[in-house]
Amino acid sequence: MALQAIPHEQTPEQIDSIMLIIKLKEAKIVTTQYQALPQEKVLDPRDASTVQRGEQKATQQTVTKKLYNMADEKLNALFPGG
C-alpha cells in the first residue's frame, strides 16, 4: 500500500491532536516469465518452437484466420446453439 493523499484540517480546539483521513492506493507488482510451451499445448503446431526452422513471420491469412476463430468461439459462448 502507498499513501495517495493526506488532507487535514487543524482547529484551535484540536491543538494537541490532528485528524487525518488517509487515502491508500494498492499497487500490484508482477514479473512476467516466458517459457516454451510443449508441442501439445500450442493451438497451431506451426506456432511451436522455431528453433529448427528459424524466425518465422505470420502471414496475413494466418492472423485473419485466428482472429476469425477467436471471434467465432466468443460468439458461440455468448449465444450457444445459434
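Between GLN35 and ASN76, full extension at 0.36 nm per residue minus the direct alpha carbon distance yields a gain of 11.7 nm.
Neighbour counts of other Cβ atoms within 10 Å put THR11, THR31 in the fewest-to-most order THR31, THR11.
Going by neighbour counts of Cβ atoms within 10 Å, the residues TYR34, TYR68 line up, fewest first, as TYR34, TYR68.
Using Cβ counts within 10 Å as a stand-in for footprinting exposure, how do VAL42, VAL30, VAL63 rank, fewest first?
Least to most surrounded, the residues fall as VAL30, VAL63, VAL42.
Each reported figure results from applying straightforward, stated rules to the coordinates on display, with no laboratory input. All of these numbers come straight from a predicted model, not from anything done at the bench. Virtual Cβ from ideal backbone geometry, glycine too; neighbours counted across all protein chains shown.
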